[in-house]
Structures are given as structure tokens and as C-alpha cells.
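Note sheet for the following structure.
The values are calculated or read from the model by the stated rules, or taken from the named source; none is laboratory data. Predicted model only: the values in this text are computed from it and were never measured. Reconstructed Cβ throughout: ideal geometry from the backbone, glycine too, with neighbour counts over all protein chains shown. Just the protein is used for accessible areas: all its heavy atoms, side chains included, with ligands, DNA and RNA removed. Shrake-Rupley method; radii C 1.70, N 1.55, O 1.52, S 1.80 Å.
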Protein chains: 4
Amino acid sequence: MRVGVLTGGGDCPGINAVIRGIVRKGVQEYGYELTGFRDGWRGPMEGDVMRLDIPAVRGTLPRGGTILGSSRADPFQHGEAAVRRVRENLAKHEVDALITIGGKNTLTVAARLFEEYGVPCVGVPKTIENDLPSTDYTFGFDTAVTIATEAIDRLHTTAESHMRVLVVEVMGRHTGWIAVRSGLAGGANVVLIPEQPFDLDQVCAWVTSRFRASYAPIVVVAEGAAPVGGDPMPGDDDESEPAGPVPPSGIGEWLAREIERRTGKEARTTVLGHVQRGGTPTAADRWLATRFGLHAIDCVRDGAFGRMVALRGTDIVRVPLAEAKAPLKTVDAGLYDEVGVFFG
Amino acid sequence: MRVGVLTGGGDCPGINAVIRGIVRKGVQEYGYELTGFRDGWRGPMEGDVMRLDIPAVRGTLPRGGTILGSSRADPFQHGEAAVRRVRENLAKHEVDALITIGGKNTLTVAARLFEEYGVPCVGVPKTIENDLPSTDYTFGFDTAVTIATEAIDRLHTTAESHMRVLVVEVMGRHTGWIAVRSGLAGGANVVLIPEQPFDLDQVCAWVTSRFRASYAPIVVVAEGAAPVGGDPMPGDDDESEPAGPVPPSGIGEWLAREIERRTGKEARTTVLGHVQRGGTPTAADRWLATRFGLHAIDCVRDGAFGRMVALRGTDIVRVPLAEAKAPLKTVDAGLYDEVGVFFG
Amino acid sequence: MRVGVLTGGGDCPGINAVIRGIVRKGVQEYGYELTGFRDGWRGPMEGDVMRLDIPAVRGTLPRGGTILGSSRADPFQHGEAAVRRVRENLAKHEVDALITIGGKNTLTVAARLFEEYGVPCVGVPKTIENDLPSTDYTFGFDTAVTIATEAIDRLHTTAESHMRVLVVEVMGRHTGWIAVRSGLAGGANVVLIPEQPFDLDQVCAWVTSRFRASYAPIVVVAEGAAPVGGDPMPGDDDESEPAGPVPPSGIGEWLAREIERRTGKEARTTVLGHVQRGGTPTAADRWLATRFGLHAIDCVRDGAFGRMVALRGTDIVRVPLAEAKAPLKTVDAGLYDEVGVFFG
Amino acid sequence: MRVGVLTGGGDCPGINAVIRGIVRKGVQEYGYELTGFRDGWRGPMEGDVMRLDIPAVRGTLPRGGTILGSSRADPFQHGEAAVRRVRENLAKHEVDALITIGGKNTLTVAARLFEEYGVPCVGVPKTIENDLPSTDYTFGFDTAVTIATEAIDRLHTTAESHMRVLVVEVMGRHTGWIAVRSGLAGGANVVLIPEQPFDLDQVCAWVTSRFRASYAPIVVVAEGAAPVGGDPMPGDDDESEPAGPVPPSGIGEWLAREIERRTGKEARTTVLGHVQRGGTPTAADRWLATRFGLHAIDCVRDGAFGRMVALRGTDIVRVPLAEAKAPLKTVDAGLYDEVGVFFG
């Protein structure tokens, strides 16, 4: 039995732990050979492979990134010939099953290959933003939240001197999971998320009330958050900029300046950026990622193709791979309200 | 409406986050007055109270320990008079509901007071060892696992020089949750837990095989683990020592010496001790603890007494408080086997 | 003997450790009474004091910020009357000596009060940017470098996927100490500092050469760095913005966009901001700050007024307080060249 | 020009940073070839070498341990033939200079080879315990202190519940540098070091007085500390144990039991062990180690053999390699007294 593995999409701490789990159990318990495809779907498209044996995964558990490389390549966007090349390369390397570790786009390719061509695929959900709907959590998310929370923790020192508004921009282009979690865990006073367009007047009211309690406000804003009415920079001449609601310097910087302008209080911005995606995964992410890997190779052994591993409570379960195509899981209004008790 | 709060049992990062959640929502949304009882059940027994208003919980979110103090006091062990004093003191302080944050012993008192005397109690489960059965997780556990994992991570440097066996003793007197989680997340080569008496010959075989792979073994042992046959120190004169399987210097130190004696390899021990119980909670523990607090005060509002909050997947649910009396949740053989792929 | 203490200027981890050192030794060994003046020189100007006894400093060692509050108030900027009020308030509170913890501006006030009015002042140098010339290091600097280095460490994960330029903006308005230290410790490929105007073509050449080595470049830039020729945003209409070389969204964001434009490579920015100033001090900063406090109170005991404590090697020495008025200590060309071996 | 490099003695975070500094500057600026000898002096004795080029040091800056391996091998202990083999192997591999990174023993070999045989050696001092006399600090020390301080920080949570004595055993067989630094930085109440035999009655008096202040004591003890009068376990039958003052289970465990026995207070022990030696070096250690490497290769370029790099203030200087043979640098009584203000 030979099993292929590929990793697609953005960096996410824990991918290597998945790969290690697959390889250790696949080789030791089932006697499989493992073949890595490089750089997501580019690997099968171009036949770029690497051997995945036990020495290859040694020492990778605590390392961020992916030893297989990644890309956003999508054979279906390159036409029929690209899809055929994927199938030919899988055949050429005698791959009997393919484990795909990725987010919505990467897994959707796997789902289509399974559905339309019968390619024996198994999926492992991966997104730092925690917005895949079929699983309670994805690995990488806890790490991102931890990093953002540590940053917010440090800002409280300045907040205690009650002089400045502190704005922290965190990841979350479409969903506010990192913002809500880190905002609550860090004791932020305002949390703004893409799911709920914000009212600048309300934000400024919270900011001002916070100063009256002799404490400066900490405002956490997801990068995809936007004010009510859409465009956060109505007066801007942004012809040369990419379309969409986020100003070129980021919503955090924009928000800080608007708050300054409206409240007369100085504001400072922290933009964490890719720091949230990198470095060693937390213990919780290593646990989840490793178990995903162990269960993915069990799917292969059981011939459970067209399936994806997922977390439900404390159990790893199998769900249809097609669920990866479902709409993103958003922060619902109930949870946002629950957190809202700490605003202002 | 006046609501009492008490915290019992051992230190556990996140207790203050529970209290803060209770107070913020109780005061701001429901207009309740909150009264803290000091040092667990000693507080109601002796009428020792403190005011719990919003300033009292400011800045406590990232702090370990409990601002209310704790103890292992149990009124039922002091006879009928002690139980009566608890009820009198609750009446004297006009407490209409009592939120009890604690482990099995502390919550069992609350369950009995509710069942036998109708005291309107709500429970919040708390144990760093994650062994309460009604909830997927308890806060504090992720922090303990994180600390243990960081220690194991650092030991890999020495392990790479392939000269010494490294034994790490972690918490877990009755259950191996911290050992299993941190052992897996830290990439340990052997994990020993109380649920599974270990065979020293097997441990030494794993240790020896690891050296053959040019790498020194890291052995994680829960403090309550014991060898097959029970007493780990058969030849010892331990008359003056407390009964039971753990030698006075701890199972870790004992194990290191036995491995040295049997394999001829030097062994070194790390004993983390209370370091695992202290300091700031992780972001995940703050999230869980805060939500437990918010839902506990909702129980009070709903008159849901004799209930305990619990985590199920991503939801906070209510279960009978009496469930706190159930046997401890242990690491089952299936999960231990799953992790066992990384042994040796 | 009664000793006043005040803290001025920006946040800096370790200030509380200085205060604690002063109080513990002052009270226990010398039997002094300590009086804190609130919010830097505003305290003596307005007579705003707080008691500084041993309970007041309990638990403050690991806490960032300052329990005394801070400000940038300068009595000499408020005319003769303000200076007189300072002296009157010191007399009113029977202060026999005043320990001033601060940066260049705060200490310059102390130096002038000592020189012009004979006020018995002792100075403790404080600057996160490490640019005070009389001392090898100042506390807070190691903490800032540590935080910046941890962020850079995490970015290497993304850099290994060799797709994007990663720009990190760190503190350093006038000097590049934090940039040079964290850039070297983090393994950055380019470090830009205020002392050395940078050539964008050179920066882009380093960036491009790095990509050829199959690795994405990490560029660390001090907030006060600027390109050769001065204004980094020549085409901008910045009438409404404060004068000076830094564009409103910061040099980091500007640099990322310029690199994108010139090299065709995507660039992402991390702006750490006040995160570098907050939170718990490192062990090294606590050691230095505590020793500064212990030696400052010894200066008082010895009547060594008009002096400032300073670090020389491993010794705490006394230098003239007037040295605080000297030009800032900059990163000299020799050290920058030493570090330059790692560029590109 | 071909330059050999070897690393001897115990693990110490930062060794790889030294090697990387040597290689980057040696190759890029001076065009040297670098040859690594494996496992300390075993490498030259047995001719075991590895190529040290720029790819070999990539990614090693944040990694603990040493890519060259280490040992405590000493050719002078193996007689004249072993020393001759070292010289023959250096000749065979055409090594024009040898950079030796190590502690007292490893460097003493280099000093003798230089003095007695004219081998062109350059030394880099390395000891986690900071006890080499010719340099203000050695790399690795800051990392060890940081790890110990973080552990002590976490114990304060338990100490606040004022129930138990907490004993922390840290490294330091001959000197108390780690104990003094981490004890002060962590706010310990008692620090015991090898340089000053301790009086158990005094320790118990400090412990007891601490409880009276409603706070439990934290006792930091260096592994080599011993009570006045020498043997800490006078009644023990320790025939089968190695000679010397430390009981088999360690001074920390012994001290905890003695304190319990004498004060009637429960005591708990944390033994950090090799955790202090491993993992990623702090930013400060990476800076120092890298600069040591850069200056060591400059020594080679300048023909400054028989020299050792050292830190003096903020400068890297050159001292005679023979200084490595001097007695260890101990914590002097003055500094211990300075710290003593925080005891009790």
C-alpha cells in the first residue's frame, strides 16, 4: 500500500504534526509506504514528490510550517489537462490513497477528485481561522489565539497608564474567531469582527466610557471587520488599490486614526500579521493535529475514502469530504452577545 | 438578588476568570449583588465573606490562584452543627444562591446541600487533572499540559546528544491526562499513567531501543503511576512514610534510578511539581473559565439549581450537580493505545 | 529620613522592580520612610503623593508599568512658579532626598533641580530604547528585544515557504538598538536603523538575493529609520500630518509597499507597537532594575546626591546626574557593520 | 585557510549561534573553509569531521544543543599517544587554526595544546553556570536563569494561598549564579548557594517568618548547596551512592523534608534539572554567542592564537586562553548580602 500526502493553503502551526502522525502509524503499524507531494496540488500536477519515511518526520512535531511545502494551486482552474496530469502522476507513483491536508479550497479539489473521478482521497481540515464548519476546532487556531492574547496581555500595562487607545489588528478576513477568543482571553474592551459591521459612534462611546473608569481601552479588530455602511475610507481616492473594504494600511491603522479624530485621544496600533501563523504550535494544537493524522491513516486502512476527519467533543470522527465545500462557520450573534458583556 | 461564590480544592489557573465572569454579568446585566465566601467551605462555615463587585475582579483575568482563597474544608466531616452553621451563615448574609467552584470533594458538598437541605447551589467543575466525568474539559488542564510540554520540549536538546535518559514527573495522582497529553505533545518516548501499571522490563526495552536510534529517551511519568505488582520500592524500609505506592522522593526519581540500575544508562529527573498549577492561565483556559462563569450566573437567573455547567463540544451545557459524585474520568485503554504508537 | 520617589516618561518593564528595591532596602535596612509622587513630575508639582511601604510593593516585581504612574510633565516648561511649587511640595512632605526614575527628559529636570536649587536628587536611568549614554544597559531594553525576537522567530515559518517579504517594525525613534539586537537574535536578513539612512535599491537587492536562496527575507526596521534623502514619501500630500520623515501609517507599512512595488514580491508587515513596552520584565531586566533600586537608596544613605546609578560591566556605579543631559547613545558604524555580515 | 571548530562539555543554549557566527563570517568575509570536529575532543582524537558550510548552519540560530555534538573527552587523560593523534588529525585535515568552544576542561586542553605544542587555538568560553572568571557573562546563563525564573513566577500563585513551603532546586554544582539571579528575579524568600553553607535553623526561621506575613515561602537552592557542617544526610546509609554532600534524591528534596520535619509545614519540591540546559536560547544569549563567534574568527584572521574571546561591559575582548585554567568565579559575599535584603 502506498499513500500520498499533500498540504495546501496558508501556513498553520501543526501541519507537520499531522504528517508525523500519518507517517509514524502508517509505517510502524500498517507497513505502508508514504509519498509526499510538494507544494499542495502543484505536487501531483507536476509529479514533484519526496519520500516520507520515519527519519523525514523526526523532530518536526514542534516546528511550524510544513515540510512538504504548500501552494494555492488548483488543478481545476487549469482545465481538464491539469486534472488528468494529477491522476496520471498519482498512478505513476503508484499511490493507492491520497491524504489532503488543507482549507476549504484545497479540500474542495480533493472532494471533486473523489466525486468526479473516484480518486481515493481522505481529508484533514486545516485553517488557522477556525472557520471550517464540520469540526469543532482546527489545529493552528489555538496557537494564533495564544499569540494574540499574549500581545493583548502586554498592552494592559500601557492601558493602566490611561493615556492612549490601543488597537490590535488580528487575523480573520471573513470570520472573527481569533478576534473573539483573544479579545475575551486578553480582557479587551471592544472586539470587532467581520460578521457584525461596527458603528464607529458606538466604538467611540465604549472608548470614552473606558477612560472614565481610569483605564485606557484595548480594541481588538479582525482584519476583515468593517464599519456599518461598508467602505471604511469613504473619502479616499483608492483607484490604484485593490477593491474591497480594507484600506491599504489595514483596518487597525484606519480605526486608530478615526478614534483619534473623533475622541481626541491618542491611539496606537499593533498589527500582528504573520506572527500569528508561525512558530511552534501550542500543546493543544499538537494534540489535535497528531490525532487528526492518526485517524486519517486509519481512514485509509478502512478504505473510508471521500471522508474527512473532524473533532466532535473529545472524539475524532469521520464526515463526508464534501462538507469542506459548505459555507464558512461564522461567529454567531449569540456568542458575540455573550462576549459583549465585557465591552466598554 | 444576592449570590454567594466560593472556591475550594487545589490551585487551578482560571478560577479568577470564572469569578470575573460571574461578577461582570451578574452585576452589569442582572443587577445582582455578589458575596464571596473565603477559603472554600470554611467561608460559609465561619461566616467569612468579602464583597465581590466589579473593582474586586479588575485585573484578575490573567492571574492564577483565587482571590477568594481556597481550602479543603468539608462541613459534612464536621458533623451536623457545621452544616447548620453553613445554612445559618448563608441566611445571615441573605444569599439567595450559591455558586461553588471546585473539584469532586467541593462539589459533592454542594450537591448534598442541595439534595438534603434544598440549598440553591450551582456548580462549576474545576480540576487541573481533567478527571471530572461530566465535562469534556476543565479549565487549568490546558495550562498544566502547556507547562509540562514546554519542559519536555527543552529536554529534547539534551536527548539529541544521546547520552542520558530523561525522566519527567508530571501531575496526575489518579489519572494520566496531563501525562498523556504533554507526553504526546512533547514527543516523549514513554508515557506512564496511573490507569495502566507499567512493566519495568518493557520501559527498559523502550529506553534501550531508543538509544539504538541515536537518540536518548524522554520518559513522562504521572506522579500516581506505579509498576505492575504495586509497590515500586519493594526493598524499602518505609515505616515512617505515608502508605501507598509512591516512594518519598517521588516516582520520577525512583524510576530514574531503576532505569540506571537496569540499563546502565545515566538518568536525570525533572519534577515540575506545583509549577504546573500556577501562573497565568492559557488563552484557552481563560475562554473556558470565563464562559463557565457567564453560564453559572445564567443558571442562577434561571433558577436552575442543583445544576453544574459543563463543556460539550463547543457548547456550555447544564448537567445535574450530583454528577460530580461519579467516579473519576480515566484515560481509557483505547486512547492510551492510540498514543502508544509513539513509544519506544 | 524620608525619601521621595517618582517615575517619568514612557512605559518600561522593570520600573516597579526599581521601586521595590528602593523600598525593601530603605525600610528594612535603613529605617527610612518612603513617599511616592504620582505621575512623574506632576506629583511634586501638585503635591500628589502616596505611601510607599512594604505592602505597597508586594507582588509588583513581575508587573510591567509603574505603580506610581507616569507623565512627561516638566516643571521647567511651566515657569518659575512650577519649579517653586515642586520645592514647596518636597518641603511640605518633608522629603530629605528624591529618587527620580526616568529617561533623558525626566532626569534632566532632576539634574537641574540639583544644580540650580540644591535639591538632593538621585537618578535611575530608564529607557526601553537603551540610548542613555552613561550606562551599559538600561532595564526594559532586554524585554523589548525579547518580545521583538520572539515575533521574528515566528515569522521564519512563513519565510521558509519562500513566498513573501516579511517586514517587522520595532521601536527606536532615534536609535536602532532594539532593531539591531532583535534583528541579529532573530536571524533577520536586513536591519534598518535611524543612525544609517538606507538605500532602497540596496534593500531590494538584499531581498532579491534572499529569494534566490529559496528563502523569503525578513526585514527589521526601527520606527525612526528613513531612506537616504530623507522623506520616505516624496509624492505624498501630507499637509495634515505631523511633520517629519515617518509616514502616517508607519515606516514598516511604507517599506513593505515600496518593496512590493520594486521587486514584484508580496510583502506583509508586522507592527509590534506598545506590545514591546508592556507586560512582565525578563529575568535580566528584573535583576538590573532591582540592583539599580538597591544602589539608588545606598546613594541616599551616603548623601551621594547629584548622582545617577549606572551599569558598568557587572558593577553598579555612580555617575554624575548631569550625564543624563548628554547626547543619546547611538549604534555606531562598527557594530552595525559587525551585524551586517548576516544581511542579504 | 582552513579552520577547525569543536564543542565540548555540557549542553548550553547558544553554542549553535557561535558556530553560525564563525561560519558566516569565516566563509563570506574571509573565504575560509570550516571543518567541524564531532563530539568535542573525541573528534580530533579520532579524526571524526563534518563539513561546516553555510547550508550546515542554516536555521541553527534558535536551536539549543550543538550540531557538532559534544563530549567530555580529554586527550591528555589518554596519554601521549592521544595527544599525538589530535595533532596528526589536525594536520591530516589541513587545519590551520582550531576554535574550541567549551568550559574549563575543554578550554584547558586547548590552552595546553597551544602552550606545549604550539597548536594555533582560539577559545570561546561556554558554561551555563556563568562561573568562568575571564568574562562578564557566558551565553546560556541568561537562558537558564530565565527558565528558572519562569518556574518561580508560577509558584507564587500557590505561595499566595499560604499553605506550603515551595522548594526549587536549580543548577549550580559549584557556584550559585543561577540560584542568586533567578531567586532575586523570581522574588524568592530564601536563596541557598554552594559558596555559603547554610544554617538549617536560619532557613527555618525565614520560612516561619514568611508564613506570619500570610504568604508561603519560596526557597531556591542550588544543587551544590550544603548545610553548615557538610554532609546533609548524616544518618544515611549511602554506601552504594557516589560520595559527596548531595543526597541521592537531591538537595531540594532533602531540604523540603527537613523543613517539614522542623517547622511542621508541608513542603513541595520542584527539580528543574536539564530543562534549564535545553531549548532555544534567549535573545540576549543569541546576541552574545553570535558576537563571540564573529570575534573568534577575527582572532583567527589576526593570528591571535592562544587567546580566548570574552565579554567586558559591552565589548568583546581577547584574553589569554590560559585564563580558562583559573579558579571558578564564585558569588562573592558582597553580592550575596546585597540579595539578602529580600530573604525572610
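Extent of the stretch D:88-133 along each principal axis, from alpha carbon coordinates, in Å, largest to smallest?
On the principal axes, the stretch D:88-133 reaches 35, 19, 12 Å in Cα extent.
Report the FRET efficiency, 1/(1 + (r/R0)^6), for B:ARG173 and D:ARG173, where r is their Cβ-Cβ distance and R0 is 51 Å, rounded to 0.05.
Once rounded, the FRET efficiency stands at 0.95.
Could you estimate the translational diffusion coefficient of the stretch A:2-156 from the Stokes-Einstein equation, with Rh from the Kirkwood formula over C-alpha pairs, at 4 °C and 1.567 mPa s, in whole µm²/s?
Reported coefficient: 81 µm²/s.
What does the charge add up to near A:ARG38, with Lys and Arg as +1, Asp and Glu as -1, over the other residues with Cβ less than 11 Å from its Cβ?
Cβ neighbours under 11 Å give a net charge of -2.
Under a plain spin-label model, where a point goes 7 Å from the Cα along Cα-to-Cβ, how far apart in nm are D:ALA205 and C:GLN28?
It works out to 1.4 nm between the two label points.
How big is the accessible area of B:VAL319 in square angstrom, nearest 10, if you roll a 1.4 angstrom probe over the protein chains?
10 Å²
Given the protein assembly as shown, what percent of its DSSP beta bridges are antiparallel, to the nearest 5?
Given both bridge residues lie in the protein assembly as shown, the antiparallel proportion sits at roughly 25 percent.
Count charges around D:ARG312 for me, please; just the other residues with Cβ under 13 Å from its Cβ, Lys/Arg as +1, Asp/Glu as -1.
Value of the local net charge: -2.
Quick check: pseudo-label points 7 Å beyond the Cα along Cα→Cβ at D:ARG262 and D:ASP302, how many nm apart are they?
For the pair D:ARG262/D:ASP302, the computed spacing is 5.2 nm.
Sort D:182-192, D:85-95, C:98-108, C:56-66 by packing, meaning the average of other beta carbons within 10 Å per residue, with the highest value first.
My ranking of the peptides, most packed first, is D:182-192, C:98-108, C:56-66, D:85-95.
Taking 37 °C and 0.692 mPa s as the conditions, I'd like the Stokes-Einstein D for the stretch A:143-278 in µm²/s, using the Kirkwood hydrodynamic radius from alpha carbon pairs.
My calculation gives 223 µm²/s for D.
Taking only C-alpha pairs under 8 Å that are 6+ residues apart, what is the relative contact order of chain D in percent?
Rounded, it is 23 percent for chain D.
For chain A, count the residues as N, evaluate 2.2 N^0.38 Å, and divide the Cα radius of gyration by that value, please.
For chain A, the normalised Cα radius of gyration comes out at 1.09.
Taking the mean number of other Cβ atoms within 10 Å as a proxy for protection, how do you rank D:16-28, C:257-269 from highest to lowest?
Ranked by mean Cβ neighbours within 10 Å, highest first: D:16-28, C:257-269.
Counting only other chains, and only Cβ atoms inside 10 Å, what mean value do you get across the residues of B:333-342?
Mean shielding by partner chains, rounded to a whole number: 3.
I'd like the mean, over residues of A:144-152, of how many other protein chain beta carbons sit within 10 Å of each residue's own Cβ.
That works out to 5 on average.
Helix A:251-263 sits at what angle to the longest principal axis of chain A, using alpha carbons and giving 0 to 90 degrees rounded to 10?
So the helix axis and the longest Cα principal axis differ by about 10 degrees.
Around A:ASN16, what is the net charge, scoring Lys/Arg as +1 and Asp/Glu as -1 over all other residues with Cβ under 10 Å from its Cβ?
Overall, the nearby charge balance is +3.
Output ³J(HN,Hα) for the stretch A:173-189: one whole-Hz value per residue in order, computed from phi by the Karplus curve 6.51 cos²θ - 1.76 cosθ + 1.60 with θ = phi - 60°, and x for Gly and Pro.
Per-residue couplings from phi come out as 6, 10, 9, x, 4, 5, 5, 5, 5, 6, x, 5, 5, x, x, 5, 9 Hz.
Output the 0 to 90 degree angle, nearest 10, between the alpha-carbon long axis of helix A:15-28 and the longest principal axis computed from the alpha carbons of chain A.
The answer is roughly 20 degrees.
Other chains near A:57-69: what is the mean number of their Cβ atoms within 10 Å of each residue's Cβ?
Partner-chain Cβ atoms within 10 Å, mean over residues of A:57-69: 4.
For chain B, modelled as a Gaussian network with Cα springs under 10 Å, which listed residue fluctuates most, B:ARG173, B:ARG154, B:ARG112?
B:ARG154
For chain A, set up a GNM with springs between Cα atoms under 10 Å and report which of A:ASP298, A:ASP315, A:ASP142 has the largest fluctuation.
A:ASP315
Calculated from DSSP H runs of 4 or more alone, at -39500 (n - 2.57) each and per residue, what is the 222 nm mean residue ellipticity of the protein assembly as shown, nearest 500?
Theoretical 222 nm ellipticity from helices: -12000 deg cm²/dmol.
Send over a whole-number figure in Å² for the accessible area per residue of the stretch A:143-278, probe 1.4 Å.
Counting only protein heavy atoms, the per-residue value for the stretch A:143-278 is 35 Å².
Across the protein assembly as shown, what fraction of all alpha-carbon pairs, as a whole percent, falls in each successive 10 Å bin from zero upward?
Over the protein assembly as shown, the share of Cα pairs per 10 Å bin runs 2, 8, 16, 22, 23, 17, 9, 3, 0, 0 percent.
Can you run phi through the Karplus equation (6.51, -1.76, 1.60; θ = phi - 60°) for the stretch C:290-303 and list ³J(HN,Hα) in whole Hz, with x for Gly and Pro?
Result, ordered by residue: 4, 5, 4, x, 4, 6, 5, 6, 5, 4, 4, 4, 7, x Hz.
Taking the label point 7 Å from Cα in the Cβ direction, how far apart in nm is B:GLU88 from each other copy of itself, listed shortest first?
6.0, 9.1, 9.4
Going 7 Å from the Cα of A:SER214 along its beta-carbon direction, which residues of the stretch C:1-36 have the amide nitrogen within less than 16 Å of the resulting point?
Under 16 Å, as judged by backbone N against the label point of A:SER214, lie C:36 of the stretch C:1-36.
Going highest first, how would you order A:201-209, D:2-10 by mean Cβ packing within 10 Å?
Descending mean neighbour count gives D:2-10, A:201-209.
Over chain B, what is the percentage of antiparallel beta bridges among all DSSP beta bridges, to the nearest 5?
25 percent
Among A:VAL228, A:VAL168, A:VAL317, which one shows the biggest mean-square fluctuation in a GNM of chain A, springs joining Cα atoms closer than 10 Å?
A:VAL228
Kindly flag which residue pairs out of A:LYS325/B:LYS25; A:LYS325/B:LYS329; B:LYS25/B:LYS92; B:LYS104/D:LYS265 have an alpha-carbon separation exceeding 29 Å in this structure.
A:LYS325/B:LYS25; A:LYS325/B:LYS329
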